Amino acid sequence: MPMVRTEYSAEHAAAIRLPSGTAVPALAPDTGEGASSYPSDLLAAAVLSSMLTAVSQEAARQHLQPGQVSGEAEAHAEASPARIGALRISLHFGGHRLDENGKLLLEQAAMRCPVTRSLHPELVVHVRFGYD
């Protein structure tokens, strides 16, 4: 299985090396620089990506037409103890051809994604589904 590698420099910046060779810069949240992703952003992105993948796979299995699927994810920090307290995920299905059963199947698939199921049970995950 490919490995992710992280390297820290004197500036407390991390270069996260993905298996593809791509480097993703990440900073500690308290730097305030906003020039890079924070580790909490990367977790939110991983959950969102996993949900979208699960939705896509379920749509293909069920021969559903979800339209243009997109999403947004945001991590909310807790101060004491320092941790991510909640994730807010929004999935949008534009131009879909889904009936109520199809929507339910895809929503359930998103919630069953492997990354979400791997999270600590105290981490609250709010998911909103939008259709038009």
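Brief remarks on what is shown
- Rounded FRET efficiency, nearest 0.05, which uses the C-beta distance separating A82 from M3 and R0 of 30 Å: 0.70
- Relative contact order [Cα under 8 Å, 6+ residues apart], region 30-104, whole percent: 30
- Placing a label point 7 Å from the Cα of T53 along the Cα-to-Cβ line, the residues of region 84-125 whose backbone N sits under 19 Å from it are 89-92, 106-120.
- Backbone amide hydrogens, once placed in the peptide plane, bring Y38 within less than 5 Å of L27, excluding anything fewer than 5 places away on its chain.
- Per-pair calculated FRET efficiency, R0 = 22 Å: L42 and Q108 via Cβ, rounded to 0.05: 0.30
- Neighbourhood charge, 11 Å Cβ-Cβ cut-off, centred on S40 and excluding it, Lys, Arg +1 and Asp, Glu -1: -2
- The GNM of the chain, with springs linking C-alpha atoms under 10 angstrom apart, assigns the highest mean-square fluctuation among V69, V55, V47 to V69.
- Rough spin-label spacing in nm, given labels placed 7 Å along Cα→Cβ, for N101 and E122: 4.2
- Expected 222 nm ellipticity per residue - DSSP helices of 4 or more, -39500 (n - 2.57), all of the chain, to 500: -9500 deg cm²/dmol
Here, each number is a calculation from the coordinates, and none is a lab measurement. Keep in mind the model is a prediction, meaning the values are calculated, not measured. No Cβ is skipped: glycine too gets one built from the backbone with ideal geometry, and neighbour counts run over all protein chains shown.
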